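Read the structure below first, then the notes.
The values are calculated or read from the model by the stated rules, or taken from the named source; none is laboratory data. Values in this document were obtained by computation on a predicted structure and should not be read as measured data. All Cβ positions, even for glycine, are placed from backbone atoms using ideal geometry, and neighbour counts span all protein chains on display.
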Amino acid sequence: MSEKRIVLGTRGSELALRQTGMIRENLAARYPHYDFAVEIIRTQGDRVADVPLYQIGDKGLFIKEIEQALLEKRVDLAVHSLKDLPTELTPGLVLAAVSEREDPRDVLISRLYPSLEGLPPGARIGTSSLRRAAQLKKYRPDLEIVPLRGNLDTRLKKLEAMNLAAIVLAAAGLRRMGWEGWITQALSPEVCLPAVGQGALALESRAEDSLVRGLLEPLNHETTFWATAAERSFLSALGGGCQVPIAALGWPEKGRDGEALLRLEGMVAAVDGSQVLRLVITGPRQEAQRLGRRLAVELLERGARDLLGGL
């Protein structure tokens, strides 16, 4: 790396490139004397696009190769979807900043039906996660869930190619791509609580690289940082991943005296949606990680341990 050249590492999907482009433009506007380049890195998750995530595990599935490039100094920072970043970071690397969150909700996409409630009995609905599948089955036990993998544009094409009544995706990706016109219905968190970190971008760097960490500091969105810190602490305390339906969403609240509070809702479900445990707690924003752990403990005491297989 020359003194003024900073390389951003990313996956090669259209969405990943759009997201990385957003970060690059932000950095270039702030630091015009630096040359910000983009390096595309293919990950394991890109190579096995037809296998459900829960069958192959999720520890670093979309980030491991990019992190290796970071450690080898082939790139200087990595841009990930935060929900892809494991709660336990690779030694030598740090989460330097978290971007301002886009709409964290899941959305329904259908060419024929106006809403989730309007789907006909037994409708085939495609989704890429056990988390979505479990909550959809809880809300509409009659639905047939069809596994759906692939990049965002691939999944949109499969709506018709697989003769599905609807598919469920994250709102954030569609909005960042300018594809809001595809959205039929935004699903309320009461129906489908989002994935941990959904809608936020993670900017990862080497722990030793004080220059890059300093450049990224202004990109850290404080409200999103605290909310997702609580969500990730909750997930970490449960010890779960994409093999178990787990969800969480944090959002800011104001206390009576103006204190900055954080409201955190968490969910653990049976894979078939037969049982869904949800709980909401509130606490000081600065205690976000402790709040996440507390929520996990309370859900474990209420039966989540059995759903997690004794983890």
Qualifying residue in the stretch 128-142 (condition: over 23 Å from residue 278 (Cβ atoms) and not hydroxyl-bearing (Ser, Thr, Tyr)): no
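Would you be able to tell me the number of residues in the stretch 234-259 that are of a type in the set (S, T, N, Q) and either touching a strand residue (DSSP E or B) at 6+ places or on another chain (Cβ under 8 Å) or assigned to a loop (DSSP other than H, G, I, E, B) (or both)? If you could, list the steps in order and put the result at the bottom.
We begin by selecting, within the stretch 234-259, every residue of a type in the set (S, T, N, Q); these are 236, 243.
Subsequent filtering for residues that are either touching a strand residue (DSSP E or B) at 6+ places or on another chain (Cβ under 8 Å) or assigned to a loop (DSSP other than H, G, I, E, B) (or both) retains 243.
Residues in the stretch 234-259 being of a type in the set (S, T, N, Q) and either touching a strand residue (DSSP E or B) at 6+ places or on another chain (Cβ under 8 Å) or assigned to a loop (DSSP other than H, G, I, E, B) (or both): 1 in total.
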Any hit, the stretch 251-262, residues being surrounded by 15 or more Cβ atoms within 10 Å (Cβ to Cβ) and in contact with a Phe, Trp or Tyr (Cβ under 9 Å, 6 or more places away or on another chain): yes
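Scan the stretch 67-119 residue by residue and report those that are farther than 30 Å from residue 210 by Cα and exposed (fewer than 15 other Cβ atoms within 10 Å of the Cβ).
Here is the first cut: in the stretch 67-119, the residues farther than 30 Å from residue 210 by Cα are 103-119.
Result: 111, 112, 114, 115, 117.
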Segments classed as strands (runs of 3 or more DSSP E), wholly inside the stretch 120-233, with at least 1 members that are within 21 Å of the chain's Cα centre (by Cα) and crowded, with 20+ Cβ neighbours inside 10 Å: 124-127, 166-170, 201-206
Any hit, the stretch 45-57, residues being touching a helix residue (DSSP H, G or I) at 6+ places or on another chain (Cβ under 9 Å), buried (at least 21 other Cβ atoms within 10 Å of the Cβ), closer than 22 Å to residue 148 by Cβ and modelled with pLDDT under 90: yes
In the stretch 236-292, the residues that are in contact (Cβ under 8 Å) with a residue 40 or more places away in the chain and among the basic types (Lys, Arg): 278, 285, 290
Count of the stretch 270-304 residues which are β-branched (Val, Ile, Thr) and either part of a strand (DSSP E or B) or touching a Cys at 6+ places or on another chain (Cβ under 6 Å) (or both): 4
